[in-house]
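Reviewing the structure listed below.
Read-outs throughout are calculated quantities, based only on the coordinates presented, and are distinct from any laboratory measurement. All of these numbers come straight from a predicted model, not from anything done at the bench. Every residue, glycine among them, receives a Cβ derived from its backbone with ideal geometry; neighbour counts consider all protein chains shown.
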Amino acid sequence: MSVKSVSAYSLIHATVRARYSTMLTPETWNALMQAQDFDAVLNVLSKTVYGPCLQIERQALNPRRAVYQIKRHLAGTYQKIIHLTPEPGCQLLIQFWRLYEVDNLKATLRGIETGASWDQVRHLLAPMAKYTILTTNDMEKMIRSGHMARAIELIGHTPYYNTLVHALERYQAEKSLFPLEVALDLDYRRGLWQSIHQLTGLDHEQALRIVGTVLDVDNLLWAIRYRVYHHLSEQEIINYTLPFGYQVRDEDIRAIAGGADIAQVVKRIYPGADGLEQLSEQPSAGLAALELYLQRHVVKTCRAAFMGYPFHIGIPVAYLLLCEHEIKDLTVLVEAKDSHLPLETLTSMLETQP
Amino acid sequence: MFRSQAMSKVELVVPEHDVVPVTEALAASRVFHVATDEHVGTENASRRASEWQDRATTFADLERRILTVMEALGVDEGPPPSETPHLIWPDVAQMDVERLEQEAQAPVQELEEEQRRLTQLRRYLSQLEPLADLEMNLGTMRSMRYMFVMLGTMPAANVERLQSSLEHVPFVLVTLRREDHLATVVLFGMQRDAEILDRAARSAYLNPIRPPETYRGTPAEAIAALQAGIERARQHIAEYQATIEHLREARIRHLCHLLWRMRASRTLVETIARYGRLRYTYLVAGWVPVSQLPALKQKVKQVSDQVTIEVSTPRRKEDSSIPVALENPPFLKAFQGLVTNYGHPSYGELDPTPILALTFPLVFGIMFGDVGHGLLLVLLGLGLASRRVRALRGLASLGPVLIACGSTALVFGFLYGSVFGFEEVLRPLWIQPLRDIMGILLTTIGIGVGLLSLGMIYNIVNAVLARRWGHLLFDHNGLAGMVFYWSLIGLAASAFVGHLPISPILLVALAAVSGLAVTFAELLGNLVEGRRPLFEGSFGTYLMQALFELFETVIGLLSNTLSYVRMGAFAVAHGALSLVVFIMADIISPAHGVGYWIVVALGNLFVIGFEGMIVGIQTLRLEYYEFFSKFFSGNGVRHRPLTLIPRGEE
């Protein structure tokens, strides 16, 4: 226990603890699951921490708008937690938050590719609060330019520029967004990895455990998808994945790329993973079960961060990740209730609920 | 002080021709919180709103264009003007913007074109420079028969990955140059592996270099031609930059003024777009602190004598949408910050700031009782609050909190008889935690019971204010919950103490009745408040859920109460840590020489810094987690007065 870490994380720890207690309880989840329809879901949510962001005219609150409003809560939470977190941990959180910015940028690039209008694209963007490099104005300008190369020139002031401008040549040659999106994904995760390594001591250890687990999940699923769905060559899979992680080693990724039995590789890393038999027989069918298992594994890792010594970056990171997963589950729930999906189907899709 | 400022709902009926000046007056008053979506359903609202919305879109577009011009000319937007500019109509603004764009367009476009050319030439140059000594025609490299050769640039971060991806294929990858994030490389391999190598190179984002056909011959010859081209491009750029600088000087003030005027206009029209609309009038609804009403009315009447202003007190069902403007004296502002860090109270809900200002220092003082340490904290707080130390100005708002906490620590220092850890200098006025551990622990549990009860009382008062009778009577933090809690405490006390003035049978009966009320709080609450159905789902499920909730309530009350033991534990730890300091000082200097006093001084600094911080955290945790959770939702809406230009303090 160091004085420095206690002083640095005192306020954020107390704040996160207090906010952690406002996350949805099992009783609330039960009420949400039992809700008859979308309106009933809104009634339950209005009594929770999401209540204030859902206080808009009920007629305007269709499922898509409701999800957007709920995501605004996440933006606010990120903003508050980043604001209270001291350096250098704060930089990790900012980098973490930028995943949404990268997703928005990808949505913008897709908009340019399909010739969508700004009005169509802006509804697809995740709400962003402060701590962004790319503004809504930038993305609007990009869409209005209507041309990929010109759009990329418009974000010359951002770190995404170098990545995109270099990948542009491949986009122009292949007429596919794939190289642009993969370049952004890889670059973002390399930045995240660097942010972890700028931390020291317990902060580094905790960030590696939590954020490293998130990177593991992405990397592993990428490798499997590239092989199963895209049928990429060994070299391509290796080049499109990351050589680092927490539990997933480079050898594991190379083994998958080289044609090894995917189920065996996954079993070595996650012995209790679901859908392994299916993964052996028909990888595309087992992938959904594996993905759900991995996301639940991330949730478990985050919850574990709240045990033990509390003055480290793991607490805010884990809390934000748990909020993200809660909101992901709420999104699934809202959509499921709107389309009257059976309860059993819905339950099997949730990541934070057993 | 305990309540937020009383709000009035203000509804204005504004003639069409006065809507702009009236909105400007509302913004200038800086007290008018626009009620959103109030008149969305009004007849004609959508058509008229869309006209204003179109204007807002035009302003947004014009703002973007003017920013583009400013960016091109290197003009910063500067600080907002001291006086809020008036509305500029979109067609007037559009003409102005178009003129500015035309002025800037030609030199800027030419400059950009030349800069692009220069960048491209430099890129070719940097790619060819490593090959300068190669006596080989560039064209020959492209037509090799048995060898695969690819010269190109790739992200430096990908080089290692590309190498490792090709471990099963014979190849040589030579890095010729590394610059920032890019590496210039040449990849050699066998022509028979061309497909593998090509796919690997592409997936590593290796972009092959293809200099324009105009640059022929050996790399050295191409480099010389490129250098001449670069020199010409530089001269052109200098000429264009001079033209742009001249234009910048001439237009800088006008551009800044226009930008802020457009921003204010955009906010103005967006606000009007949200108003309701009748045939010739607009309906404006909003919230104003009652105390500010006369000033607001006067401001509006100054710009239009045809505005009808209706003021009403808020209806109960509107409570969740009424904005909250907290009203606390300046010395409580620091504690108000701690409250708003958690959330804003809802309208009509009690503001916990005053009670936090009392309980926070009290809890801190109990845990950190020491005259000397308290005095130092007071001095530190005064130093911060005075803002004299430039580096600590950012922490100035913490000053009053430290002063309050230091003062209570000082008072408890006298009660504990502790000064800088010395426990023999002062006679304790009450208790010495280290010598009566059980006493201090039980006392702090008692204080915890008091604080939790206070939280419940707050919750009861909030329920009365909100007229939520069911909540008031049956909630686990309401009357039933409080009786249940005190009955359990009474039973526990009678088990330990033995004799109480109240009969244990009566306590058991009270606990049973109140426990039942808490168990069926939802059902009873709905019954009292006339809501149907009385419970969701089947009775069996409800019963199961209710029993679990009772169990959770009991566990919650127990854990919340025991949480306050930490106050006593920290009071003991404070004494114990000081004791350790003295033991160490004695070991260093048994004769109480200079070494002894150095250790005592350093030890005291350690105790203040380290333990002070932990105690601060624990205090915050007890307030947020144990105390606030009894009565405070933090789901209120902050009062945000309409303003056309955002300013620093907002």
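I need the calculated FRET efficiency for the pair B:Met438 and B:His592, taking r as the beta carbon distance and R₀ as 30 Å, to the nearest 0.05.
After rounding to 0.05, the efficiency reads 0.35.
Once a ≥ b ≥ c are taken as the square roots of the eigenvalues of the Cα gyration tensor of segment B:494-650, is the result rounded (a/c under 1.5), prolate (a/b larger than b/c) or oblate (a/b not larger than b/c)?
Oblate.
Hey, what do the phi angles of segment B:326-337 turn into as Karplus ³J(HN,Hα) couplings, whole Hz, using 6.51/-1.76/1.60 and θ = phi - 60°, x for Gly and Pro?
6, 10, 10, x, x, 6, 9, 4, 5, 6, 4, x
Which three extents, in whole angstrom, do the alpha-carbon atoms of the protein assembly as shown cover along their principal axes, largest first?
Principal axes ranked by extent give 108, 81, 72 Å for the Cα atoms.
Show the residues, 5+ positions off or on another chain, whose built amide H is closer than 5 Å to the amide H of B:Leu182.
B:Ala156
Output ³J(HN,Hα) for segment A:62-70: one whole-Hz value per residue in order, computed from phi by the Karplus curve 6.51 cos²θ - 1.76 cosθ + 1.60 with θ = phi - 60°, and x for Gly and Pro.
Working through the residues one at a time gives 7, x, 5, 5, 4, 5, 4, 4, 5 Hz.
Points 7 angstrom from Cα along the Cβ direction at B:Leu602 and B:Arg178: gap in nanometres?
4.4 nm
Just want the answer: with Cβ charges of +1 for Lys and Arg and -1 for Asp and Glu, which residue in B:Phe570, B:Leu134, B:Pro107 is farthest toward the dipole's positive end in chain B?
Of B:Phe570, B:Leu134, B:Pro107, it is B:Phe570.
Over all residues in B:196-208, what is the mean tally of Cβ atoms on other chains that come within 10 Å of each residue's Cβ?
Partner Cβ neighbours, averaged per residue: 5.
When only C-alpha pairs under 8 Å and at least 6 residues apart count, what is the relative contact order of segment A:1-110, in percent?
25 percent
When N is the residue count of segment B:136-217, what does its C-alpha Rg come to as a fraction of 2.2 N^0.38 Å?
Ratio of Rg to 2.2 N^0.38 Å for segment B:136-217: 1.08.
For segment A:98-198, what number results from the quotient of the Cα radius of gyration and 2.2 N^0.38 Å?
Normalised by 2.2 N^0.38 Å, the Cα Rg of segment A:98-198 equals 1.03.
May I ask you to compute the full-extension gain from B:Ala194 to B:Val513, defined as 0.36 nm times their residue separation minus their alpha-carbon distance, rounded to one decimal in nm?
106.3 nm
I need A:Thr136, B:Thr214, B:Thr267 ordered by Cβ neighbour count within 10 Å, fewest first.
B:Thr214, A:Thr136, B:Thr267
Let me confirm one metric for peptide A:178-191, namely the mean number of other chain beta-carbon atoms within 10 Å of its residues' beta-carbons.
If you average over the peptide's residues, the count of other-chain Cβ atoms is 1.
Under 17 Å from the 7 Å Cα→Cβ point of B:Thr68, by amide nitrogen: which residues of segment B:245-268?
Only B:259 fall inside the zone, counting backbone N under 17 Å.
In whole Å, what is the distance between the alpha-carbon centres of segment B:143-188 and segment B:93-108?
Here the answer is 47 Å between Cα centres.
What does the charge dipole of segment B:93-248 about its Cα centre add up to, to the nearest 20 debye, if the Cβ of each Lys and Arg holds +1 and the Cβ of each Asp and Glu holds -1?
Roughly 660 debye, rounded to the nearest 20.
Where a Cα-Cα gap under 23 Å defines reach, which lysines qualify for A:Lys130, not counting those fewer than 8 residues away within the same chain?
A:Lys71, A:Lys80, A:Lys106, A:Lys141, A:Lys328
Just counting partner chain Cβ atoms within 10 Å, what average do the residues of peptide B:614-626 show around their Cβ?
Mean shielding count: 4.
Between B:Tyr280 and B:His246, what is the label-to-label distance in nm when each label sits 7 Å out along the Cα-to-Cβ direction?
5.6 nm
Give the distance, in whole Å, between the Cα centre of segment A:327-354 and the Cα centre of segment B:275-316.
45 Å
Which value, in debye to the nearest 20, gives the size of the charge dipole of the protein assembly as shown about its Cα centre, when Lys and Arg are +1 and Asp and Glu are -1 at the Cβ?
1460 debye
Quick one: compute the contact order of chain B, relative version, from alpha carbon pairs under 8 angstrom and 6+ residues apart, as a percent.
Relative contact order, chain B: 21 percent.
Taking a label point 7 Å from the Cα of B:Glu110 along the Cα→Cβ vector, which residues of segment B:219-240 have an amide N closer than 19 Å to it?
It comes to B:230-240, nothing else.
Below 15 angstrom from the Cβ of A:His83, what's the summed charge of the other residues (Lys, Arg +1; Asp, Glu -1)?
So the environment of A:His83 carries a net charge of +2.
Along the Cα→Cβ direction, 7 angstrom out, place labels at A:Gln34 and A:Ala304. What is the inter-label distance in nm?
3.4 nm
Test of understanding: ordering A:His73, B:His257, B:His246 by Cβ neighbours within 10 Å, fewest first, what list do you get?
B:His246, B:His257, A:His73
Please list, in order along segment B:378-389, the HN-Hα scalar couplings obtained from phi with the Karplus expression 6.51 cos²θ - 1.76 cosθ + 1.60 (θ = phi - 60°), rounded to whole Hz, x for Gly and Pro.
In residue order, the calculated couplings are 4, 4, 5, x, 4, x, 5, 5, 6, 6, 7, 8 Hz.
If amide H atoms are built 1.01 Å from N in the plane of the peptide, which residues on other chains or at least 5 residues away come under 5 Å of the amide H of B:Met7?
HN-HN under 5 Å from B:Met7: B:Val290.
As a test of the formula, what do you get for chain B when each DSSP H run with n ≥ 4 contributes -39,500 (n - 2.57) and the sum is divided by the residue count, at 222 nm and rounded to the nearest 500 deg cm²/dmol?
Value at 222 nm, helices only, nearest 500: -20000 deg cm²/dmol.
What is the local net charge at B:Gly556, summed over the other residues whose Cβ is closer than 15 Å to its Cβ (Lys, Arg +1; Asp, Glu -1)?
Cβ neighbours under 15 Å give a net charge of -4.
For B:Tyr146 and A:Leu124, what is the calculated FRET efficiency with R₀ set at 35 Å and r taken between the beta-carbons, to the nearest 0.05?
0.10
Tell me, B:Val363, B:Val419 in order of fewest to most beta-carbon neighbours within 10 Å?
B:Val419, B:Val363
Please give the length that would be gained between B:Phe496 and B:Ala466 if that part of the chain were fully extended, namely 0.36 nm times their separation in residues minus their C-alpha to C-alpha distance (nm, one decimal).
Length gained between B:Phe496 and B:Ala466: 6.9 nm.
Taking the Cα of B:Leu562, stepping 7 Å toward and past its beta carbon, and measuring to each backbone N in segment B:453-481: which are under 20 Å?
Backbone N within reach: B:453.
Given a cut-off of under 8 Å on Cα pairs at least six residues apart, what relative contact order in percent is computed for chain A?
20 percent
Positive end of the charge dipole of chain B (Lys, Arg +1 and Asp, Glu -1 on Cβ, about the Cα centre): tell me which of B:Leu398, B:Gly530, B:Val425 has its Cα farthest that way.
So the residue we want is B:Gly530.
In Å, what Rg and Dmax follow from the Cα atoms of segment A:201-302?
For segment A:201-302, the Cα-based Rg and Dmax read 13.2, 43 Å.
Please report how far the C-alpha centroid of segment B:538-553 lies from that of segment B:48-87, rounded to the nearest whole angstrom.
Between the Cα centres of segment B:538-553 and segment B:48-87 lies a distance of 58 Å.
Using r as the Cβ-Cβ distance of B:Arg390 and B:Met613, and R0 as 22 Å, what FRET efficiency do you calculate, to the nearest 0.05?
Rounded to the nearest 0.05, the efficiency is 0.40.
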